[in-house]
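Data first, discussion second: the structure below is written as structure tokens.
The values are calculated or read from the model by the stated rules, or taken from the named source; none is laboratory data. The structure displayed is predicted, hence computed values, not measured ones. Note: ideal-geometry Cβ built from the backbone for every residue, glycine included; neighbour counts use all protein chains shown.
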Amino acid sequence: MQNRQPPSESAQTPRSERDAVGVNPRELRSFAEFYPFYLGEHSERLCRRMHFIGSSLVLLCLASAVLSGVWALCWLCPVFGYGFAWWGHFGFEHNKPASFSRPLYSLMGDWVMYREMCLGRLSF
């Protein structure tokens, strides 16, 4: 008689909540586990470029707000950050942004990826 294992949580997770290779980002328990998945969701160069542009504009908005004292500029940060990132995902990567399932890890991943691109460790 075969020893049958109960189906894993991934097998029970609806397809819409998993990426193309079947990973459910909600099952990733730490940022260290999440970041390789995050990079896999950004394999298209144009998607990474859109993230880079959006993140750069966020930094520019923050610097402008601090230097000018016009704090209303901070409202543009999510527009630029998410707008360019989502444009990259829907327009070039053709996948669902990780921010839909793991918003904090996704935000952290964006800035780690930005740093890696600035340091030349990741192409853009």
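Some notes on this structure:
- Flag if Arg26 is within 17 Å of Met108 (Cβ to Cβ), out of contact with any Phe, Trp or Tyr (no Cβ under 7 Å at 6 or more places or on another chain) and either modelled with pLDDT of 95 or more or part of a helix (DSSP H, G or I) (or both): yes
- Residue match in region 54-66 (condition: among the hydroxyl-bearing types (Ser, Thr, Tyr) and under 15 Å from Phe124 (Cβ atoms)): yes
- Top-ranked residue of region 81-124 - restricted to ones that are closer than 19 Å to Pro25 by Cβ and part of a loop (DSSP other than H, G, I, E, B), ranked as farthest from the chain's Cα centre (by Cα): His94
- When region 35-62 is filtered for residues that are surrounded by 15 or more Cβ atoms within 10 Å (Cβ to Cβ), more than 11 Å from Asp110 (Cβ to Cβ) and of a type in the set (Lys, Arg), only Arg49 remains.
- Among residues of region 53-73 that are free of Cβ contacts under 8 Å to residues at least 24 places away in the same chain, those with a Cβ under 6 angstrom from a residue that is hydroxyl-bearing (Ser, Thr, Tyr) and surrounded by fewer than 17 Cβ atoms within 10 Å (Cβ to Cβ), sequence gap 6+ or separate chain, pair up as Leu73/Ser64.
- Answer from Ser64, Ser16, Ser56 - the residue that is more than 15 Å from Glu93 (Cα to Cα) and at pLDDT below 95: Ser16
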